[in-house]
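Okay, so here's the structure we're looking at.
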Amino acid sequence: MMKKYCVIIMFLSYAFIFSGCASVNQGLTPSAKTVASDFDDTIEVIQAPVSAASSLSEAWHTLGFRWTSKAPDIVFITVGAQGIVNISAVAFNIYGNIIRIDKPASTLTDYGDSSTRQFSMSLEQFRQMAIAQTVKMKVVMIDNYSVSSFGQSKTSAIVNGKFAPFLQQVDTQLAKL
């Protein structure tokens with residue numbers, strides 16, 4: 001009888017710890033914000049890059065997104081990879097549908113502790129990605145590539161919790177246009 005209670009208590013403790021870690025990770029990472037330009041009143045919704053890998057066995061990638069009222073049907077995505085690499089393209093596998101983005105929205109890869117490059121995709125494609133159960137992201141470099149995954153079934157990828165708040169803010173701004 002005592003063993004049964006100990007097992008239940010241990011199980012509940014682990015469940016609490018692991019669910020708490022996911023909540024803490026979401027709380028410690030940047031959230032989407034809406035900003036208005038002082039220059040031309042353009043509205044932007046910005047989600048800074050966060051981890052887009054669902055496990056430590058995958059490549060370390062980050063993903064951030066930006067929407068602007070100047071191009072309301074486009075979402076600019078910032079793709080990141082570990083190290084100093086030249087990111088030339090990104091592709092997403094959503095339910096077997098491959099969305100390959102070869103044309104960067106930025107001229108060069110930005111380097112630092114990691115490398116990032118901005119691309120653009122349609123708002124409709126972005127919405128599909130945001131609700132998919134599993135998304136495989138392929139970051140293409142000059143002579144190499146790496147793959148990570150996220151999505152509704154990949155609960156440990158931090159980026160999963162960033163799609164809905166971002167799209168809520170985008171939809172609020174779209175309603176005002």
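So here's what we get for this one:
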| quantity | calculated |
| --- | --- |
| Segment Asn144-Asp102, extension gain: residue separation times 0.36 nm, minus the distance between their alpha carbons | 13.7 nm |
| The range 18-177 - percent of accessible surface contributed by carbon and sulfur, probe 1.4 Å | 54 |
| Long-range amide H partners of Ser54 with built H, under 5 Å | Ser149 |
| Two-site label geometry, Lys70 and Thr34: point separation in nm, points 7 Å out along Cα→Cβ | 2.0 |
| Whole-number percent relative contact order across the range 51-166, with pairs defined as alpha carbons under 8 Å at least 6 apart | 30 |
| Other-chain or far-sequence residues with amide H under 5 Å of Thr42's (modelled H) | Ser37 |
| Sequence-distant residues sharing a close amide H with Asn86 (under 5 Å, placed H) | Ile142 |
| The range 122-177-the range 33-80 distance, computed between alpha-carbon centres (Å) | 10 |
| With 10 Å bins from 0: P(r) over the range 83-177, alpha-carbon pairs, percent | 15, 42, 36, 8, 0 |
| Using a Förster distance of 45 Å, the FRET efficiency for Lys176-Tyr111 (Cβ separation, nearest 0.05) | 0.75 |
| Net +/- balance of residues flanking Ala89 in space, Cβ distance below 15 Å, scoring K and R +1, D and E -1 | +3 |
| ³J(HN,Hα) computed for each position of the range 101-117 - Karplus, 6.51 cos²θ - 1.76 cosθ + 1.60, integer Hz, glycine/proline x | 10, 9, 9, x, 8, 10, 5, 10, 6, 8, 10, x, 5, 9, 10, 9, 8 |
| In the range 31-177, lysine pairs with alpha-carbon atoms under 24 angstrom apart (chain gap of 8 or more, or interchain) | 14 |
| Whole-Hz ³J(HN,Hα) from phi, Karplus 6.51 cos²θ - 1.76 cosθ + 1.60, for the range 160-177, glycine and proline x | 3, x, 9, 5, 4, x, 4, 5, 4, 5, 4, 4, 4, 6, 4, 5, 7, 6 |
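The values are calculated or read from the model by the stated rules, or taken from the named source; none is laboratory data. Given the structure is predicted, the values throughout are model-derived calculations rather than measurements. For neighbour counting, all protein chains shown are included, and Cβ atoms are generated from backbone atoms with ideal geometry for every residue, glycine included. Areas reflect the complete protein model, heavy atoms only, side chains present, ligands, DNA and RNA absent. Shrake-Rupley method; radii C 1.70, N 1.55, O 1.52, S 1.80 Å.
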